[in-house]
Amino acid sequence: MSDTSRRPRTHGKPYRRPKKDPVRILAFEALRAVDERDAYANLVLPPLLRKAREGGDFDGRDAALATELVYGTLRRQGTYDAVIAECVDRPLREVDPPVLDVLSLGAHQLLGTRIPTHAAVSATVELARVVLGDGRAKFVNAVLRKVAQHDLDGWLERVAPPYDEDPEDHLAVVHSHPRWVVSALWDSLGGGRAGIEELLAADNERPEVTLVARPGRATADELLREDAAVPGRWSPYAVRLTEGGEPGSIEAVRDGRAGVQDEGSQLVALALANAPLDGPDEKWLDGCAGPGGKAALLAALAAERGAMLLASEKQPHRAGLVAKALHGNPGPYQVIAADGTRPPWRPGSFDRVLMDVPCTGLGALRRRPEARWRRRPEDLEGFAPLQRGLLRTALESVRVGGVVGYATCSPHLAETRAVVMDVLKQFPQTELVDVRPLLPGVPDLGDGPDVQLWPHRHGTDAMYLAVVRRTG
């Protein structure tokens, strides 16, 4: 008797082992980690890719496809959920999460890539056989065949309410953002359909990798010698890798003389460093320094002036990341683990203070697409006391004549202007500094004096910055 005759038979056909597809299995594992462990894809994916490369299973094209499958599925999750809901006979909450992840991967291949329909369906069904079993693979097959009946535009006509009837829900489905996030971003932009459509679309684009040449240690010209490297748009220290690229392969990045840093983050540090002040310019503070990108740039800028930077971070492991980022800085610096709301330093100790406060992260949805589904409106209430407390500490820590920068990677008004206005009521001897002249060449900065950067206008994360001077 042959081996085949001893295997189970299905509908009279010999049993066939499912084909293992390393790319799609890895993408599925990454999505499960994001869902089950509340992990972030930008932290989960690199070690998975590295392990696959070391095992000989992957080449560069495989890594690019796996990355697109993971990030594309996460970005478009809201849209794909609406489509899949039309193709199943039960509420989505009753579909097992691993099954829904496989369906979403299939939907992205069908609706968001150029993968041929038959290949997208068959490859996803094979994945389902490997990770879910034959029974649920049949369910996946049936659902994806329904999904394949229309392209993305056709599905959006069916599942998105008309804009005239419900603008926010229409935009939420079409651009795959929770409704409350659409509403908050729209408020921050100040209204108008064109702007919000451009912003939501920009959130769904894959961001370029941006490097920073740390002054005194590396130059932008050195980084521009790398393949597919072009100058940054606004920061003199920024270099963009237009074809993705692997930063870890660049010598200056490996040595710590350069780093990966969004250009919006660089501009925040540059604006604070450029802000005019009265009196000495010797002691700088980064009061929420983890993981260290802004601190490294500030420390390098401080060193050029003979100033020193104190980088403070509450979480010890993040303070370790800051120390690693600052290692080799040409001037004096110190890294400590301390609670910024109960600082160990004396009031009035610093000439310049940066507080880049913890926030919802709604300004970095290009880089962390899963954050849009993880955050809730009530998170704002949890951050509010901390944000106000840290800004109060900053204002108490700076001397008269010195300046404070309050920054967030969120454009939500409750985390930006509302915090600044509330806290300044308690500090009447302060004045807002117009940030716009501190960012020469950067357009569309609004009416001031604070500044909100935007992905669709500036190609950066949606960083906010207000600068305050102590006058008494």
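Tabulated values for the structure
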quantity: Candidate set: the range 444-460, residues that are charged (D, E, K, R) and out of contact with any Phe, Trp or Tyr (no Cβ under 9 Å at 6 or more places or on another chain); chosen: the one surrounded by the fewest Cβ atoms within 10 Å (Cβ to Cβ); calculated: D447
quantity: Selected residue (only one of L380, L390 is over 20 Å from A462 (Cα atoms) and in contact (Cβ under 8 Å) with a residue 24 or more places away in the chain); calculated: L390
quantity: Pair list, Cβ < 8 Å and 6+ apart or interchain, from the range 361-376 residues that are over 15 Å from R206 (Cα atoms) and free of Cβ contacts under 8 Å to residues at least 40 places away in the same chain to residues that are assigned to a helix (DSSP H, G or I) and of a type in the set (S, T, Y); calculated: none
quantity: Considering residues of the range 394-407 that are farther than 17 Å from L465 by Cα and part of a helix (DSSP H, G or I) only, the residue least open to solvent (accessible area, probe 1.4 Å); calculated: S397
quantity: For A371: the one exception among (1) open to solvent by 10 Å² or more (accessible area, probe 1.4 Å); (2) out of contact with any strand residue (DSSP E or B) (no Cβ under 7 Å at 6 or more places or on another chain); calculated: (1)
quantity: Enumeration of residues in the range 408-430 that are under 19 Å from V451 (Cα atoms), open to solvent by 10 Å² or more (accessible area, probe 1.4 Å) and not aliphatic (A, V, I, L, M); calculated: C409, H412, R417, D422, T430
quantity: Subset of the range 378-387 (residues that are surrounded by 19 or more Cβ atoms within 10 Å (Cβ to Cβ) and either aromatic (F, W, Y) or not in a helix (DSSP H, G or I) (or both)); calculated: F383
quantity: Check on A462, in a loop (DSSP other than H, G, I, E, B) and among the small types (G, A, S); calculated: yes
quantity: Residue check for A148: under 21 Å from A30 (Cβ atoms) and not hydroxyl-bearing (S, T, Y); calculated: no
quantity: Residue among A194, A201, A229 that alone is of a type in the set (G, A, S), within 23 Å of L365 (Cα to Cα) and open to solvent by less than 50 Å² (accessible area, probe 1.4 Å); calculated: A201
quantity: In the range 247-261, residue most open to solvent (accessible area, probe 1.4 Å) [restricted to those that are without any contact (Cβ under 8 Å) to a residue 12 or more places away in the chain and farther than 10 Å from E226 by Cβ]; calculated: R254
quantity: Failed item, numbered, when R93 is tested on (1) without any contact (Cβ under 8 Å) to a residue 12 or more places away in the chain; (2) within 25 Å of R206 (Cβ to Cβ); calculated: (2)
quantity: Residue, farthest from R93 (Cα to Cα), within the range 23-45, restricted to residues that are assigned to a helix (DSSP H, G or I) and open to solvent by 60 Å² or more (accessible area, probe 1.4 Å); calculated: L43
quantity: All positions within the range 25-61 that are of a type in the set (D, E, K, R) and modelled with pLDDT of 95 or more; calculated: E29, R32
quantity: Contacts under 7 angstrom Cβ, first residue in the range 430-449 being within 24 Å of T393 (Cα to Cα) and touching a residue at least 60 places away in the same chain (Cβ under 8 Å), partner open to solvent by 70 Å² or more (accessible area, probe 1.4 Å) and not hydrophobic (A, V, I, L, M, F, W, C), 6 or more apart; calculated: L438/N274
quantity: Helices (runs of 4 or more DSSP H) fully within the range 108-175 counting 1 or more residues that are among the acidic types (D, E) and touching a Ser or Thr at 6+ places or on another chain (Cβ under 9 Å); calculated: 134-147, 167-175
quantity: Cβ pairs under 6 Å, 6+ apart, first in the range 35-61 and more than 17 Å from P247 (Cα to Cα), second of a type in the set (F, W, Y) and surrounded by 11 or more Cβ atoms within 10 Å (Cβ to Cβ); calculated: A52/F58
quantity: Unique match (being touching a Pro at 6+ places or on another chain (Cβ under 7 Å), hydroxyl-bearing (S, T, Y), under 29 Å from R374 (Cβ atoms) and crowded, with 18+ Cβ neighbours inside 10 Å) among S176, S188; calculated: S188
quantity: Selection status of F350, open to solvent by 20 Å² or more (accessible area, probe 1.4 Å) and modelled with pLDDT of 95 or more; calculated: no
quantity: Yes/no for G328 being open to solvent by 10 Å² or more (accessible area, probe 1.4 Å), over 21 Å from the mean Cα position of the chain (by Cα) and closer than 22 Å to G216 by Cα; calculated: yes
quantity: Boolean, V268 is within 14 Å of T210 (Cβ to Cβ) and surrounded by fewer than 17 Cβ atoms within 10 Å (Cβ to Cβ); calculated: no
quantity: Tally of residues being in contact with a helix residue (DSSP H, G or I) (Cβ under 6 Å, 6 or more places away or on another chain) and open to solvent by 10 Å² or more (accessible area, probe 1.4 Å) across the range 61-73; calculated: 2
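The values are calculated or read from the model by the stated rules, or taken from the named source; none is laboratory data. All values derive from a computational prediction rather than experimental measurement. We place every Cβ from the backbone using ideal geometry, glycine too, and count neighbours over all the protein chains shown. Side chains included, ligands, DNA and RNA excluded: accessible areas come from the protein's heavy atoms. Shrake-Rupley method; radii C 1.70, N 1.55, O 1.52, S 1.80 Å.
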